[in-house]
Amino acid sequence: MYMNAGYLHNSLVDFKDKTKPLVVGSCGTYRLYTRPKLPTYRPRGRIDFQLLYVAAGKAHFFFDDEDVTVTAGHMVLYLPKEMQRYVYYGVDQTEVFWVHFTGSDVKNILKKYGIPLTGHVFYTGQFPEYQNLFQKMIQELQLCRPHYEEVLSLHLRQLLILISRQLQGGHKTADYVQNEMEAAIRHFSENYNTDIVIDEYAQSMHRSTAWFIRSFKQYTGMTPMQYIISVRIANAQRLLGTPDYNVTEVASIVGYDNPLYFSRLFKKQTGISPTEYRKNL
């Protein structure tokens, strides 16, 4: 299991702060490999807000005693004092990022960016930018550089804006289209490292390629191939976080036979090379 986290003033205690509009209290990430499971149960919740992002694999959340499987590309929002119960299993290869925050204007800020305050789970897609912002918040909390509390608030707002753009980019679609797009997302997530041909997938669904690409982009905010690339890069980042594989092996695992092409694509998506990314962890 891999864990990396940072806490405001190095305190593990959750808190409420009404002196500023938005305050980040803690931020971190978990990656399960060998540990069988990692459960969390807070019957009375916390006094702050919590936003979780499932970056890879899947997680199991319990709402009103119902087991809800949350797959990669979804986020979960807990309001203060809401019961929290969820579990990550090693077999699912789960990678999750989380941030706790408080402030005098949190609900209005969330509403401003269109973040749903009910329903808990919402789809945001898989983008390296999400992980980058979570990691920046972790680093700020750990380094405690001058004005880091202001920087934390800015990074969280950036994250909320990215989520807002994704949510607003997806049009409300008919149920049958939504079901088809969710099925496509599951298929691409489970087979991202194989040679997926979009034309063939569209034909298997008895749809034209143009209709499928257009509908997928309306639903997720990106084309099918852009989504597949984002999943590959997100999983490459996860693998680079361990010392078990070199860059060539990571490229092969996520679906690229040419490590040079993989490195160029990785840098295009994240701004740095795989080697630089590993050094910065």
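FYI, it's all coordinate maths here, none of it is from the lab. These numbers were taken from a predicted model, which means no experiment stands behind them. When we count neighbours, we look across all protein chains shown, and the Cβ atoms used for this are built from the backbone with ideal geometry, even at glycine.
Data overview
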{"quantity": "Least to most buried among M205, M75, M3 (fewest other Cβ within 10 Å first)", "calculated": "M3, M205, M75"}
{"quantity": "Filter on K18/K279; K111/K267; K136/K267 - keep pairs with C-alpha separation over 29 Å", "calculated": "K18/K279; K111/K267"}
{"quantity": "Order of H187, H155, H120, H9 - criterion: other Cβ atoms within 10 Å of each residue's Cβ, fewest first", "calculated": "H9, H187, H120, H155"}
{"quantity": "Cβ-derived FRET efficiency at R0 30 Å, Q93 paired with T275, nearest 0.05", "calculated": "0.80"}
{"quantity": "Total formal charge among the other residues, if their Cβ is under 14 angstrom from that of L156, Lys/Arg +1 and Asp/Glu -1", "calculated": "-3"}
{"quantity": "Rel. contact order, % - alpha carbon contacts under 8 angstrom, at least six apart, the chain", "calculated": "17"}
{"quantity": "Residue order, fewest to most surrounding Cβ atoms within 10 angstrom, among R157, R232", "calculated": "R157, R232"}
{"quantity": "Length released on extending from Y33 to M225, taking residue separation times 0.36 nm less the Cα-Cα span", "calculated": "66.4 nm"}
